[in-house]
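The values are calculated or read from the model by the stated rules, or taken from the named source; none is laboratory data. Predicted model only: the values in this text are computed from it and were never measured. Because the Cβ atoms are built from the backbone with ideal geometry, glycine has one as well, and the counts that use them run over all protein chains shown. Please note that ligands, DNA and RNA were not included when accessible areas were found on the heavy atoms of the full protein model with its side chains. Shrake-Rupley method; radii C 1.70, N 1.55, O 1.52, S 1.80 Å.
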Amino acid sequence: MSTPRYEMGLKAALRELLSYKSGVMGLGLLLLLVAISIYTVIAIPYDRAISLWRGEGGIWLDKPRNAAPIWIKYLIGKNLPENIVLDTRVRRVGVVKAVTPIPGTNFKKLYIEFTFNYPYDGFPSEINLFFYAKYNATAPLLRIYWVKPGGEEFKLMDYMLRAPDDILYLSINPEAYRSALRHVVEALGKEPATELPIEVCLFGVEDESMLDVSTARSLKGTYKLIIRGTLFGEDADVDVKAVIYGRVWGLAGTDHLRRDLTIALLWGTPVAMAFGLTASVAVSIIHLIIGTISGYYGGKVDLIIQRLTEIYMVIPFLPFLILLATFYKLTIWLILAVVIILSIFSPGIKSTRALVMQIREYPYIEAAKAYGASDLRIVFLYIIPKILPPIVPGMIGAIPGYVFLEAGLSILGLGDPYLPTWGKVINDAYTNGALYKGYYYWVLEPSFMLILTALAFAMLGFALDKIVNPRLREL
Amino acid sequence: MNYMRAGGVVKGLAKRAIMLYLTLVISMYITIVVANMGGLVDQYIKSQLILEITYNIKRNPEYRNLPPAEIDKLIKKTFEIEIKRRGLDKPFLVRSFIYLKDALTLDLGRAMYLQSDSGSRQVKIIILERLPQTVMLFTTSMLIHFFVNLFMGLYLARHYGSFLDKLFIALSPTSVIPGWFYGIFLILIFYSWLHVLPPGGIVDVPPPEDPILYSLSVLKHMILPLASWIISGFFLGCYSSRTFFLIFSTEDYVEAARAKGVPPRLIERRYILRPALPPIVTNFALGLIGSWSGAIITERVFNWPGLGMLTYNAINAFDTPVLVGITVIYAYLLMITVFLLDIVYVLIDPRIRLSLGGR
């Protein structure tokens with residue numbers, strides 16, 4: 001065991017590690033994950049991540065629901081619709097708002113015109129109008145119009161605000177739907193064969209293809225959304241934010257609650273790393289110490305530890321973990337503590353014990369005893385440092401198991417109640433039928449991160465195993 | 001074997017049996033305490049109970065004309081009777097020992113909330129109803145695993161250094177990914193994308209009448225869960241059994257036999273497999289017992305109605321009798337297996353026979 005290898009130090013060990021392909025890849029991936037973790041913790045602090053994930057203050061209202069990541073466009077070669085947000089409070093080209101008083105009254109005329117380009121294949125997922133109004137007694141009366149590229153303006157609906165910060169869900173509004181459909185029927189001279197969603201009516205090419213929802217194509221060009229209205233009162237005013245929700249959004253897409261998945265993917269990294277690393281290191285060190293004590297002292301101590309190991313063998317680990325997590329709604333750090341406590345004694349102790357029983361008879365231990373070193377000193381300073389290196393690969397290799405354990409608990413709905421983790425994203429995707437509805441990105445992205453983490457540690461563990469257990473290298 | 005030695009063996013085994021039984025008793029007691037959260041689950045049960053009783057009494061037309069004070073009294077009385085009937089009036093410490101005695105005598109009692117599909121509340125019936133499904137899936141997977149690993153390991157050890165051998169080494173890190181995780185991918189590929197296999201469940205809905213069609217449907221539903229487990233363990237399993245055999249084949253006595261010119265087949269059988277037998281038997285037996293209790297996460301991913309799912313449902317309902325029932329059966333099976341293994345060791349490993357007999 002006491003080859004000069006261990007005296008070469010960290011630098012030499014690293015050089016040797018890099019001489020294995022799996023070592024290079026494992027280390028590379030690990031560095032990447034560490035970089036992501038550090039970036040995440042600095043860029044999105046813990047509290048902010050939690051508040052973002054809870055969607056405090058309706059921050060996700062502008063984002064599309066279940067939108068795929070934006071790079072999907074290039075992957076499938078289709079220009080999928082992106083999000084279009086038009087806001088009268090943000091003046092820019094294409095947004096016109098005019099308020100003119102009507103002489104002789106204290107009424108005002110409102111004219112809002114949103115002009116936007118729609119160059120995309122496919123139809124938007126949703127259309128909502130958010131109102132930010134000021135009025136006293138009577139709510140403003142609004143009339144909403146739609147203009148297709150090269151087409152005539154037609155009225156969609158009348159709308160009276162129900163509250164100053166009202167939201168009009170145009171996509172599910174029956175009046176708007178009737179008007180849009182009437183417009184299509186007038187343009188085509190025929191009833192469509194299948195039910196057309198309002199987005200198809202508003203954005204479709206008006207020809208034969210539109211009669212069936214499966215063949216309908218989007219009309220590319222410049223659209224107009226016009227709102228004309230009457231405001232009652234001197235200081236009445238209306239601002240509108242129109243959101244035409246796309247089908248792709250951001251680097252990672254969004255989930256069923258419109259949340260940006262990048263937050264969960266980023267935050268999942270430090271959580272998974274911390275969870276896996278802490279669990280694995282703690283469990284391995286505990287096993288090492290208990291195994292050493294068991295092997296070194298022998299006799300009654302050994303007997304008790306052996307019995308405790310057998311008792312632990314019977315105790316159902318996962319059911320207990322699930323039970324505690326369910327009963328107390330544990331956070332991820334408490335789950336971690338429970339995991340460690342539930343794996344204090346395991347059959348893994350046996351190999352350390354056997355090794356220590358050999359080492360106990362070595363001359364240098366006898367020498368230590370002869371000059372009066374205490375048992376504790378021998379155990380912690382003379383034996384454990386000697387047998388520590390061989391367990392390092394196992395320790396690294398065990399990390400993925402704990403990372404997946406956390407993910408598995410999340411799949412059972414027992415993840416951390418606040419923090420976004422990969423497992424929770426998979427669970428959300430699973431319970432919301434992502435696999436059945438075709439939202440593959442939703443499952444694949446967190447899975448990819450999990451696999452990356454698992455492989456990083458597994459490959460590193462394998463390479464280290466060859467270095468510290470030279471016998472394996474020969475095989 | 002002379003009589004003195006045989007006596008020693010029997011004495012050693014008897015001692016071992018007592019130790020194992022003590023272990024079983026202690027671990028069952030821990031299980032009972034934890035499954036009841038040290039008595040905290042009682043509070044939960046009591047509050048559930050009072051809700052249920054209040055609801056039933058208020059809904060009962062017979063009591064509609066009673067004054068509110070009378071109704072309150074009635075609720076209280078029913079609650080007390082029910083508490084007594086369930087034995088909840090005694091302190092938890094006392095009850096925990098009653099539970100222990102029941103568990104050890106395999107008197108599994110009645111479930112609190114869960115029911116078997118046939119409508120029974122007997123824990124024994126609930127468990128026995130789920131057992132075949134779990135055994136069908138996980139024991140099959142364990143058996144396939146065991147034999148594939150054994151033979152593939154031997155093959156790789158024989159052809160060590162070949163391309164296949166290196167491939168298995170390179171792919172062995174894929175086994176850190178658990179079966180349920182592969183399961184999600186398999187569902188994604190074979191259900192969502194290719195539409196060829198069902199995503200979960202055990203049989204088509206509605207189940208086919210014809211028994212042949214029924215079993216075919218079950219087989220079809222088994223493919224993905226089975227495959228997910230086999231893929232997950234395949235490379236690492238073969239790799240470790242290969243390494244295991246290689247370590248045995250570098251022993252000095254094997255080298256000596258080789259030098260003597262013993263044919264390779266004979267070396268494999270007598271010099272490598274023979275001394276490797278005890279760990280192989282242990283793996284097999286413990287794997288068999290381990291497959292019994294199913295896999296909670298895999299069963300949930302595949303919606304497979306086995307014991308893992310039952311465990312999960314029992315936990316969510318805090319149905320401790322079911323949980324304790326599953327654990328105690330597992331504990332007995334495990335302890336009996338460990339004991340049988342000790343006997344088998346005595347039979348197949350002369351070293352152990354000697355050390356036990358010499359005591």
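List pairs: first residue in region B:83-103 and assigned by TED's automatic domain parsing to the domain that holds residue B:32, second residue outside any helix (DSSP H, G or I) and of a type in the set (Asp, Glu) anywhere in the structure, Cβ distance under 6 angstrom, at least six positions apart or on different chains.
From region B:83-103, the pairs are B:83/B:89.
In region B:132-144, which residues are open to solvent by less than 40 Å² (accessible area, probe 1.4 Å) and within 21 Å of residue B:278 (Cβ to Cβ)?
First, pick out the residues of region B:132-144 that are open to solvent by less than 40 Å² (accessible area, probe 1.4 Å): B:133-134, B:137-139, B:141-142.
Within region B:132-144, just B:142 meets the criteria.
Quick test for you: out of B:177, B:202, B:169, pick the one residue that is without any contact (Cβ under 8 Å) to a residue 60 or more places away in the chain, farther than 21 Å from residue B:284 by Cβ and aliphatic (A, V, I, L, M).
On the way: B:202 fails: without any contact (Cβ under 8 Å) to a residue 60 or more places away in the chain; B:169 fails: without any contact (Cβ under 8 Å) to a residue 60 or more places away in the chain.
After applying the criteria, what remains is B:177.
Tell me, which residue of region A:289-312 that is more than 14 Å from every other protein chain (Cβ to nearest Cβ) and open to solvent by less than 30 Å² (accessible area, probe 1.4 Å) is farthest from residue A:421 (Cα to Cα)?
A:298
Has region B:147-155 got any residue that is away from chain A (no Cβ under 14 Å), assigned to a helix (DSSP H, G or I) and either under 20 Å from the mean Cα position of the chain (by Cα) or under 27 Å from residue B:324 (Cα atoms) (or both)? Don't jump to the end; show me each part of the working.
Narrowing region B:147-155 to residues away from chain A (no Cβ under 14 Å): B:147-152, B:154-155.
When the remaining residues are screened for being assigned to a helix (DSSP H, G or I), the result is B:147-152, B:154-155.
Keeping just the survivors that are either under 20 Å from the mean Cα position of the chain (by Cα) or under 27 Å from residue B:324 (Cα atoms) (or both) gives B:147.
For region B:147-155, residues away from chain A (no Cβ under 14 Å), assigned to a helix (DSSP H, G or I) and either under 20 Å from the mean Cα position of the chain (by Cα) or under 27 Å from residue B:324 (Cα atoms) (or both): present.
One line per residue, one yes/no per condition, for (1) closer than 30 Å to residue B:246 by Cα; (2) outside any helix (DSSP H, G or I); (3) within 11 Å of chain A (Cβ to nearest Cβ); (4) under 23 Å from the mean Cα position of the chain (by Cα):
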{"position": "B:103", "(1), (2), (3), (4)": "no, no, no, yes"}
{"position": "B:114", "(1), (2), (3), (4)": "no, yes, no, yes"}
{"position": "B:117", "(1), (2), (3), (4)": "no, yes, no, yes"}
{"position": "B:126", "(1), (2), (3), (4)": "no, no, no, yes"}
{"position": "B:181", "(1), (2), (3), (4)": "no, no, yes, yes"}
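When you scan region A:173-185, do you find a residue that is part of a strand (DSSP E or B), more than 30 Å from residue A:429 (Cβ to Cβ) and in contact with an Asp or Glu (Cβ under 7 Å, 6 or more places away or on another chain), even just one? Lay out the reasoning, then the answer.
Applying the first criterion (part of a strand (DSSP E or B)) to region A:173-185 yields none.
No, region A:173-185 contains no residue that is part of a strand (DSSP E or B), more than 30 Å from residue A:429 (Cβ to Cβ) and in contact with an Asp or Glu (Cβ under 7 Å, 6 or more places away or on another chain).
Is it the case that some residue within region A:251-274 is modelled with pLDDT under 95 and more than 16 Å from the chain's Cα centre (by Cα)?
Yes, region A:251-274 contains a residue that is modelled with pLDDT under 95 and more than 16 Å from the chain's Cα centre (by Cα).
For residue B:121, are the conditions met, namely being in the same structural domain as residue B:331 (by TED's automatic domain parsing), open to solvent by 50 Å² or more (accessible area, probe 1.4 Å) and not aromatic (Phe, Trp, Tyr)?
Numbers: in the same structural domain as residue B:331 (by TED's automatic domain parsing): no; open to solvent by 50 Å² or more (accessible area, probe 1.4 Å): yes; not aromatic (Phe, Trp, Tyr): yes.
When the stated conditions are applied, residue B:121 does not pass them.
Give me the pairs: first residue in region A:304-322 and in contact (Cβ under 8 Å) with a residue 60 or more places away in the chain, second residue aliphatic (A, V, I, L, M) and part of a helix (DSSP H, G or I), beta-carbon distance under 8 Å, and six or more apart or on different chains, which are they?
Filtered contacts from region A:304-322: A:321/A:335; A:321/A:338; A:321/A:339; A:321/A:342; A:321/A:409; A:322/A:409; A:322/B:296; A:322/B:315.
Residue check, residue A:420 against (1) crowded, with 21+ Cβ neighbours inside 10 Å; (2) within 12 Å of another protein chain (Cβ to nearest Cβ), all met but one. Which one?
(2)
Listed here are the residues, each with its yes/no results for (1) surrounded by 13 or more Cβ atoms within 10 Å (Cβ to Cβ); (2) of a type outside the set (Lys, Arg).
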| site | (1), (2) |
| --- | --- |
| B:12 | yes, yes |
| B:32 | yes, yes |
| B:39 | yes, yes |
| B:46 | yes, no |
| B:53 | yes, yes |
| B:63 | yes, yes |
| B:69 | no, yes |
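Can you name the condition, by its number, that residue A:440 falls short on among (1) more than 10 Å from chain B (Cβ to nearest Cβ); (2) more than 22 Å from residue A:275 (Cβ to Cβ)?
That leaves (1) as the condition not met.
Working only within region B:303-318, note down all residues that are away from chain A (no Cβ under 11 Å) and either open to solvent by less than 10 Å² (accessible area, probe 1.4 Å) or among the small types (Gly, Ala, Ser) (or both).
The answer is B:304, B:306.
I'd like to know if region A:201-223 contains one or more residues that are assigned to a strand (DSSP E or B) and open to solvent by 50 Å² or more (accessible area, probe 1.4 Å).
Yes; the residues of region A:201-223 include at least one that is assigned to a strand (DSSP E or B) and open to solvent by 50 Å² or more (accessible area, probe 1.4 Å).
Considering only region B:325-342, I want to know if a residue exists there that is part of a helix (DSSP H, G or I), in the same structural domain as residue B:191 (by TED's automatic domain parsing) and polar (S, T, N, Q). Steps first, please.
First, the residues of region B:325-342 that are part of a helix (DSSP H, G or I): B:325-342.
Filter once more, keeping what is in the same structural domain as residue B:191 (by TED's automatic domain parsing): none.
Scanning region B:325-342 turns up no residue that is part of a helix (DSSP H, G or I), in the same structural domain as residue B:191 (by TED's automatic domain parsing) and polar (S, T, N, Q).
Restricting to region A:103-127, count the residues that are closer than 30 Å to residue A:231 by Cα and either touching a residue at least 24 places away in the same chain (Cβ under 8 Å) or under 33 Å from the mean Cα position of the chain (by Cα) (or both). Don't jump to the end; show me each part of the working.
Let us first name the residues in region A:103-127 that are closer than 30 Å to residue A:231 by Cα, namely A:103-117, A:126-127.
Narrowing further to those that are either touching a residue at least 24 places away in the same chain (Cβ under 8 Å) or under 33 Å from the mean Cα position of the chain (by Cα) (or both): A:106-117, A:126-127.
Total meeting the criteria: 14.
Please specify each residue of region B:292-302 satisfying the condition of being at pLDDT 85 or above and either within 23 Å of residue B:334 (Cβ to Cβ) or within 11 Å of another protein chain (Cβ to nearest Cβ) (or both). Give the derivation first.
Filtering region B:292-302 for residues at pLDDT 85 or above gives B:295-302.
Hits for region B:292-302 are B:295, B:296, B:297, B:298, B:299, B:300, B:301.
Is there a residue in region B:193-209 that is open to solvent by 40 Å² or more (accessible area, probe 1.4 Å), within 28 Å of residue B:289 (Cα to Cα) and assigned to a helix (DSSP H, G or I)?
We begin by selecting, within region B:193-209, every residue open to solvent by 40 Å² or more (accessible area, probe 1.4 Å); these are B:193-196, B:204-207, B:209.
Among the residues that remain, those that are also within 28 Å of residue B:289 (Cα to Cα) are: none.
No, region B:193-209 contains no residue that is open to solvent by 40 Å² or more (accessible area, probe 1.4 Å), within 28 Å of residue B:289 (Cα to Cα) and assigned to a helix (DSSP H, G or I).
If you scan region A:423-454, which residues turn out to be surrounded by 24 or more Cβ atoms within 10 Å (Cβ to Cβ) and under 17 Å from residue A:326 (Cα atoms)?
The answer is A:423, A:424.
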